[in-house]
Amino acid sequence: MSDTAFFSNWNYPTAMRVGAGRIAELPQLCRELGMGTPLLVTDPGLAALPIVQAIVERCLVDGIPLAVFSDIKGNPTGENVTDGVVAFRAHGCDGVIALGGGSAVDAGKAIALMVGQTHPIWEFEDVGDNYLKVNTRGMAPVIAVPTTAGTGSEVGRSSVITDQSAKLKKIIFHPRMLPQIVLLDPELTVGLPAPITAATGMDALSHNLEAFCSNSYHPMAEGIALEAMRLIHEYLPRAVANGNDLEARMQMLAASSMGATAFQRGLGAMHALAHPLGAVYDKHHGLLNAILMPYVLVANRSAIEEPMRRLSNYLGLSETGFDGVLDWVLFLRREFGIPNTLVEIGIGEDAAGEIARMAIADPSALGNPLSLSVDDYGDIFLNACRGDH
Ligand SMILES: [Fe+2]
């Protein structure tokens, strides 16, 4: 792959600067958005790495001093956001660079929202027309720089923030939470260990798969999801097998952004279950989706035979139809060493009732192609504990 093979500027769904090494353009991008003193929001693991030090130094040399805020959890909390707002004000910041995996990007977007609000963050949960309460003039501009390929949060209009007192993951939404500029640089993802590459990649697959199976009318999102799954089919095994494969890393970043673009069409039962399980057990979101994926597909089978036939044909799977897709998903999980059951990651059957009630109340449940009952969610959960699919 030549250095500039993937260089391009995209403006859908937002402005995207794509290509290896383009992190060097960060100071210029700050200036484009009028940022003189951005708050760099990242996670504690990344903050300690030379890659972040290098970004801070490069920006400083280029006349853009960055304040770094990294006190965020793997599942960022309302408190993390409040602390970030305090840091933003203390350093006199005028914008946010959200650099990292989904946690850092979600936290950064939420901080940029909350620096201009007087209401508590939970009043902006994605329910009804809550977003109309947002004072948009107070929102700070955001540059999003993903270092994992999975959540696609960089092109999303919401952040998933954990309300610790309620033990709930809440979706905080405003259309203008979509970052003004996204920088997709595959060199930033080469250091990601194989298990994280696999789990985040399976999250990207779950976004595209759930969006593709949704019943709502959105052919643009449907087309994006289909092509993203072709990229995942071809490149995720390569990215997991060899983290330095820049082409595979680039294509997975694209597939991840495409997933979050596509899920404007809706998500489904994988996410409806993964959200409460993440909030209650603090497990990796992508891993939860990867474990749940075949059980949810089987539960939805009667409603998704036709889209699965189209998907299997597009991917060129040896077996066409639902069974071909199911076999592909199971193959990926085996290949990546992802457990077959929730029990293997320490989640037991006892919580079935509680998790099922939380799942049906999760906004993602609305996108599921079948209208599932609390009992249906309980059955999927128990199947995922027992390994029945
Ligand atoms: Fe997800």
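Here's the yes/no breakdown for (1) away from the ligand (no atom under 16 Å from the Cβ); (2) within 18 Å of the chain's Cα centre (by Cα); (3) without any contact (Cβ under 8 Å) to a residue 40 or more places away in the chain:
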position	(1), (2), (3)
ILE72	yes, yes, yes
THR77	yes, yes, no
ALA87	yes, no, no
HIS91	yes, no, no
LYS109	no, yes, no
GLN117	yes, no, yes
ASP126	no, yes, no
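Evaluated against (1) at positive phi; (2) at pLDDT 95 or above, LYS167 falls short on exactly one condition, (2).
Restricting attention to region 145-166, which residues are more than 16 Å from the ligand (Cβ to nearest atom) and either under 25 Å from ALA47 (Cβ atoms) or not small (Gly, Ala, Ser) (or both)? Within region 145-166, VAL145, THR147, ASP163, GLN164 meet the criteria. Residue under question is GLU227, and the condition is that it be part of a helix (DSSP H, G or I) and either surrounded by fewer than 24 Cβ atoms within 10 Å (Cβ to Cβ) or not acidic (Asp, Glu) (or both); does it hold? Yes. Within region 170-184, is even one residue touching a helix residue (DSSP H, G or I) at 6+ places or on another chain (Cβ under 9 Å), within 16 Å of the ligand (Cβ to nearest atom) and within 17 Å of LEU273 (Cα to Cα)? Yes.
Take the conditions (1) more than 16 Å from the ligand (Cβ to nearest atom); (2) closer than 19 Å to ASP106 by Cα; (3) polar (S, T, N, Q); ASN244 misses just one of them, which is (2). Residues in region 277-290 that are touching an Asp or Glu at 6+ places or on another chain (Cβ under 8 Å) and either on the phi > 0 side of the Ramachandran plot or within 13 Å of the ligand (Cβ to nearest atom) (or both): HIS285, GLY286, ASN289, ALA290. Candidates ARG249, ARG309, ARG301: the one that is more than 11 Å from the ligand (Cβ to nearest atom), surrounded by 24 or more Cβ atoms within 10 Å (Cβ to Cβ) and of a type outside the set (A, V, I, L, M) is ARG249.
The values are calculated or read from the model by the stated rules, or taken from the named source; none is laboratory data. For clarity, every value in this text was computed on a predicted model and none was experimentally measured. Every residue, glycine among them, receives a Cβ derived from its backbone with ideal geometry; neighbour counts consider all protein chains shown.
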